[in-house]
Structure formats: C-alpha cells, structure tokens
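The values are calculated or read from the model by the stated rules, or taken from the named source; none is laboratory data. Quick caveat, the model's predicted, so the values are computed rather than measured. Glycine also receives a Cβ, built like all others from the backbone with ideal geometry; neighbour counts cover every protein chain displayed. These area figures cover heavy atoms from the full protein model, side chains too; ligands, DNA and RNA do not enter into them. Shrake-Rupley method; radii C 1.70, N 1.55, O 1.52, S 1.80 Å.
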Amino acid sequence: MKRSLYFSALYGAFLSLQLFPALSQADQQPAALPEKEKHLEQIIVTATRTEKDLDAAPGSVSVVTKNDIEKMNVVTFDDALKATPGVVLSRGKGMMDQMSSITLRGLPGQNRTLIMVDGVTMNSPYSGSILSGSIAPGSLDRIEVVKGASSSLYGGYAMAGAINMITAMPKKREFTLQAGFGSALEGAGAENTRRVAASYGDVFKDKFRIYINNDYVGTDGYVSDYVTGTPATGSNGAIPTVSSTGGSTFLLGNKGMNGAWQNNLTVKAEYQFSSSTKARFTFLKSYGEYSYSDPQTYMKNGSGTPVWSNSGSEYAFLGSYGANDQYLYSLALETEVASAKLKMNIGFMDQAASWYSTASSTTTAPVATRAGGPGKLSSSPASAWSADLQATFPVQSWNLVTIGGAYRETRLNATEYLLSNWLDEGSKGQIVGGAKGSDRTLALFAQDEISIRDDLTAYVGFRQDWWETFDGYTLVSNSAGVVLPGYPKNVDSRSADSFSPKAAIVYKPFEQTTFKMSGGKSFRAPTNYELYRTWTIGSNTYRNNPDLKPETNLSWDASVSQGLWPGAILKATYFENYISDMIYSSTTGTVRDKFNAGKGESKGVEVEAEQRFGKLTRLFANYTYADARIKENSADTATVGKRMTDTPEHMFNVGSDVEYGPFGATFTGRYVGKRFANDKNNDTARNVQGTYDQYFVADIKMRYKLTAWATASFSVNNLLDEQYFSSSRAPGRSCYGDLTFKF
C-alpha cells in the first residue's frame, strides 16, 4: 500500500507541474484539443476517455456500428458482438438464457469484463453479471470493445477489458417502427418469436434533443433442458446415454418448453446550452420474465402410465421461473473551462426485482409436482450509485492530460423464502437464507498522452482505488429449512487498495502501417455474491467467503495493422495475462467453496483480415487462439495445468456483406471450440446435458428496401442446423422476418 501511495503522489506531483503552466497561460491562446472529423464512422472514446480515431487509439479495440447491428439478426445486444474477434459469448439457449456472459482475452467470468452503457457500469452490484436482454439493440449508436487491462481508467471489473454501449441521439425528427415474427424450421428452435419496437426522436431549435425507444421481444422457446439419472423402479422408456464426464446414465425426460419475454424502454434527453456545454439525461427500464411449460417424462409403468420418480415427486423435471426489473438513471454534463474539457456523470442502477422460484427436492409428503407443492423463492434486489468526473486539457502542443475521480457504492439485500406453492411467488413463508452487504470504491485516475513525433504517440497513466466493504450479513439453513448453528451472523468491515498503472505506444511509420503495444496492471474486488451469499441447489452448497482479497492481473499486448492493397487490411495481436490471488470456486463436490486459491495465465493471438470492394461488398475473417490455464491452486492441486472453465482455445469468424441496389445480404459463420464446465476438464462427452460442445453456426440475413422509408428482411439462424449443447441444448435452425418503417 505504501508503495502504491508513493507512486500516486509522485505522478500527481508530475501532473501538477504540467498543470500550472497550462492554467497560467489560460488567457493566451492555448493549444486546441485534437479533434477528429465528425464524419468518420469509427470514433472511439472508451480506450482513452477522449475521442480517438479507431486506428489511432491505443491497445486492441473494435467498434460495432449501428449500421452493423441493423445488418444482423440481433435479438439481444450481445448478438451484435458475434463476429468480433476475441469476444466469448456464453449464451446457450438464446434470449431464454439467464446466465449469459460476455468475456474477453480468455479470462472467464462476467465480473472480469466491464460492461457499460454511456459510460455507466452495468455489471450487477450483486454478482458482477449483466442482464444482457436489458438493452434494446435498436437504441444503440455503436458498441465499443477495448480488450486488455483497463483498470487504469475504469477500475474493477475491467481486468480483461471494457465494453461500452453508446446509445443513439437523433439529428432530426425521426420515427421508427419495427415488427417481426419467426419460428423454428425444424428440431430444437425457438417457437413463435415476436418483436415490436418503436422509437421517436426529435430536435427542437438545435438545442433540445429527445429520443424514446420501446422494444418488446418474446418467444415460446423450445425444449432446452433434459433430465438424466436413474430410472424409477419398475419403469421403462428411459433412454440410455452418458453423463458429461462419460459415465453411463439415462435420459429420463425434459423440463418442457423454455420461454421468455423482455420489454425495454429507453428515454434520452439532451440540452445544448452552448457550443461547448450540454447536459444529457438517460433513463432505461427493463422488465422480463422466463418460465417453462409442462415437463415430460419418458418413463412409464407396465400399464403405460407416466412415472416421474419412486417417491412421486416431480422435482427433477420442474424448471424454475422468474423475473427481473431493472432501472438505470444517468445524468451527464460536458463543458469547457479555459482550455480544459470537463465531463461529469452521475448514475444510479436499481435492480428492483431479481427473483426465481424453484420446486422443493423433498421426497416426503408434501412433494412438489406440476400442480404445485413446496418450493423456494430466491430474491436478490441490489443497487449501485456511481459518480465520475474528469478533466482533459493540453499541456503544450504535444501533450494531452486527463485527470479525474470516481465513486461507486453498491448494496445487496438477498433473501430466500420457503414457498407453500412453488408456482406462486406470493406464497412466501419462513426466511431460510439471506445475504446483505455493501461496498464502496473511491478512485483517482490520470492519463498523459504524449505526441513524441507525428508518427509516434505514448500513453502513460494510473488509477488508485480504495475499496471498503461494510454492513455484511449472512443467513444459511440446511435442506430442511433449519437455520445452521452460528447463523445469522454479521460480517466485519474490510478494506483494501489497488494501484493500476498502464502504458501504451502507437507508432505509425507509414500511412498503411500501425504498430501498438500496451501493458498494465488491473484488479477486481470480490463481489457481494462471493463475500456474503451461500445457497443450495439440489445436493450442492455454494458457500460464501467474507475474507476474499481482490484479484490482480498483469497483462500486455502488441499488435500490427497493415493495409495491403485497396480495401484490404490485415491485423495481428499477441496478448498475455497473469492473474494473482485468483478467486476460485470449486465445481466438484457437494460443498463448493470460494478461495483466493492461486494463479492463472492466458496467452493468445488474434488475427483479422478484411477486404472491401467499394461500398458494395465486404468480406472478413478473424481467428482467436487463447490458452487460458490454472497455474496454481492451493484448494485443488488436481486442477493445476487445466484449462480455465468457459474459455475456448480456438474461435474463428467469417462473413460477408453485399449491397446491390435495394437488395442487401449479410452472412456470418462462427466457430467456437470446446469449453469446459469442470475445473478438472473431465466433462469431455459430446451432445449431452451439461457439456459445452465445439460448434460452427452460420447465419444469414437478407434485406430489401421496398421504398425510401420501408425495408423488409428475412433471416435464417443456424443455417446448417448444427446440433450441440452449451450446458443446455442450443437452438437449432430457425427463421425470422420483419418490416422496418423509418420516417
């Protein structure tokens, strides 16, 4: 801690020395902040907190534009990232998946990749996860992806990188209406998928802008989750199969059709006080539900009557159902004082409702059935306040400095109730579990952009974070609902700090050649879930650990971008990550504990190639190799040398986009290699429940401009009807058509 404070003070003194002459010359004509031409499509702000052309931004960055999103069949916003190199999407069953995540650089877990909307953190104050259905894709102007350690600017969650979704603002009066419908063509595909979205934007006297977007999407889903185990005594019909680790078992039935719906409302308002001063307010509301239809058992007795179990309980076949209700409020201000650009952002995220209901596993009367019976309700509302202030100013003509501070405070209040009827979340009874806790983070950051030569720019910066937990509380019961000895108990407050430096260079020796190199340190504080939440499902107990320390990551990358001939470009990036104090949660045994167990490493390459033929045709391909392994684990030495869970070793994407008159077509193909759910990497079976198979999925979207204001499109997802599992059965071939009207 003393060393990090020393470096903070030293760098602060350095900035102060540069700031003094800049302010003393404020009445003179200071060097103007570098600005990029506004017509350039790929401008990125996330990499440096200032506007940069994509090619000039440090590190490995990608941009998905509004035009790109409209050309793909995007149901949830993460669908728009399918073709982005180095991005791992864990979405096993389309929009019904409640455990989806977006990760980078071979570092698993959503809590190691920062997700933002207009610069406001969206990672859950409960677990660091995201509700990926909570952002209407049509409301986005672009998505910026910055890969590599980003804690020097954004603090925790940004170990592997940062993804920032920039929402749209109108440039004139506009109305948009979109309606579509789709269904499975055969096999396991989402049935009756429907979407209705409408937006209105306007500009009043070139001062006030308003944008409203409402997006509803729903589906009846498909049979995605199967039941395996030992057949009931005296039954027949169970199908022999294997477990995820290759052991013999039986397919007993399924949990029924898994459906879901989500409604998202976006409201933005912006007022331009002057050419240099504006304020913006953003409000996002997202509400959705998921459920299962009647399950099926394949087992029957001698007279043909369906059999569920020896006890009569149907627990194993009963899927959960639940809901989410999330709000985001954000107020941003931008202005100029002398030669400095100032930005302020205050945000509040309220996960007002986040709950799910499950049936009880008891085999003594009363037992859970399709018609009702005992169950459990798990509710985990959480909230987060955040504030961010930065100032960017030139020091001489070759130096641009950004300094600022950030604050974030989160609160969790999770509770588990026994239900007399698992189908009725209102039938709450005894409280059998709970977790409460808060944390706050205060940070100071600084970045110096130094133009060494016209073709060489260096970046150096740091962030100092002070993290504190307080008001911790845990309540745990056994499977019978009896509170365990020693509970409930309060958890002592704790604190820690982290110093996150970073440096980068961008060298452009020739017009078509760019070299980049960056390296830094990042960190991740343990989440409220990891610190306070213990819960059980079936025979497994997932136990909290209030003594966890923050993780740290040392990383670096180097890349080259080379233009070849007109319209052709080739990029290659090499990266390495070294994680210490890695928070590890065991995935085997009946008690799953969390530890700062050891170290992890990921090393890999990303290669991208693109060929454009004017404005009509684009071809692209990219490949990612990531070797992510556990290097030390004091909790389980058998995992050392094994690959980290949910990290494919190989991925590649290929695609094309063609425009010809009113007609357009986009094709994408995505290969994702084998992933492991088990930290011992022994879940090697294929095409069975609980495994993560390698797969290649091809999608196509064709569109036709009927008039200047109407476009029709038709999509086929999983064109080749690839059959695979991503824990659950993944969706098969399906089609979708829509009409979009823009006025």
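In order along the stretch 572-583, the Karplus-derived 3J(HN,Hα) couplings, from 6.51 cos²θ - 1.76 cosθ + 1.60 at θ = phi - 60°, round to 9, 9, 10, 9, 9, 10, 10, 9, 10, 6, 4, 6 Hz, and Gly and Pro are given as x.
For a 23 Å ceiling on Cα separation, which of these pairs sit above it: Lys599/Lys642; Lys255/Lys376; Lys571/Lys705? The answer is Lys571/Lys705. Taking a ≥ b ≥ c as the square roots of the Cα gyration tensor eigenvalues, the stretch 609-743 comes out prolate, since a/c reaches at least 1.5 and a/b is larger than b/c.
How much of the accessible area of the stretch 624-743, in percent, comes from carbon and sulfur atoms when a 1.4 Å probe is used? Write down the numbers at each step before the final one.
Details: 3060 of 5060 Å².
On the stretch 624-743, the fraction of accessible area on carbon and sulfur atoms equals 60 percent.
With K and R counted +1 and D and E -1, the other residues having a Cβ less than 9 Å from that of Asn111 yield a net charge of +1.
Taking label points 7 Å from Cα along the Cα-to-Cβ direction, Ala391 and Glu191 give a separation of 6.3 nm. Averaged over its residues, the chain has an accessible area of 42 Å² per residue, based on protein heavy atoms and a 1.4 Å probe. Taking a ≥ b ≥ c as the square roots of the eigenvalues of the alpha carbon gyration tensor, the stretch 40-164 is oblate, as a/c is not under 1.5 and a/b does not beat b/c. Taken about its Cα centre, the stretch 467-554 carries a charge dipole of about 260 debye when Lys and Arg each add +1 at the Cβ and Asp and Glu each add -1 at the Cβ. So, counting K/R as plus one and D/E as minus one, what does the shell of residues with Cβ under 12 Å around Arg618 add up to? Once positives and negatives cancel, what remains is -1. Which stretch or stretches of the stretch 726-741 have amide N atoms under 20 Å from the point lying 7 Å from Tyr200's Cα along the Cα→Cβ direction? Correct set: 740-741.
Label sites at Ser495 and Val640, each approximated as a point 7 angstrom past Cα along Cα to Cβ, lie 3.6 nm apart. Overall shape: oblate for the stretch 104-206, with the ratio a/c of the largest to smallest alpha carbon gyration tensor axis at 1.5 or above and b/c at least equal to a/b. Local charge for Trp466 was computed over the other residues whose Cβ lies under 10 Å away, with Lys and Arg +1 and Asp and Glu -1, and equals -2. Seen against the Cα atoms of the chain and their longest principal axis, helix 2-24 is set at about 40 degrees. Each residue, Leu177 and Ile239, gets one label point 7 Å from its Cα in the Cβ direction; the gap between the two is 4.5 nm.
Packing order of peptides 267-278, 384-395, 681-692, highest average first: 384-395, 681-692, 267-278 (average count of other Cβ atoms within 10 Å over each peptide's residues). The structure shown yields percent of Cα pairs over 36 Å apart, and of the options (i) 44; (ii) 55; (iii) 64 that calculated value carries the label (i). Packing, as the average of other Cβ atoms within 10 Å across residues, places the peptides 310-317, 436-443 in the order 436-443, 310-317, highest first. Dipole magnitude for the chain: computed about the Cα centre from +1 point charges on Lys and Arg Cβ and -1 point charges on Asp and Glu Cβ, it is near 80 debye. Counting only aspartates and glutamates at least 8 places from Lys207 when in the same chain, those with an alpha carbon closer than 15 Å to its own are Glu270, Glu334. Residues whose amide H falls under 5 Å from that of Ser129, counting only those 5 or more places apart or on a different chain, are Ser124, with hydrogens built in the peptide plane. Bridgeable lysines around Lys285 (alpha carbons under 20 Å apart, same-chain partners fewer than 8 residues away excluded): Lys268.
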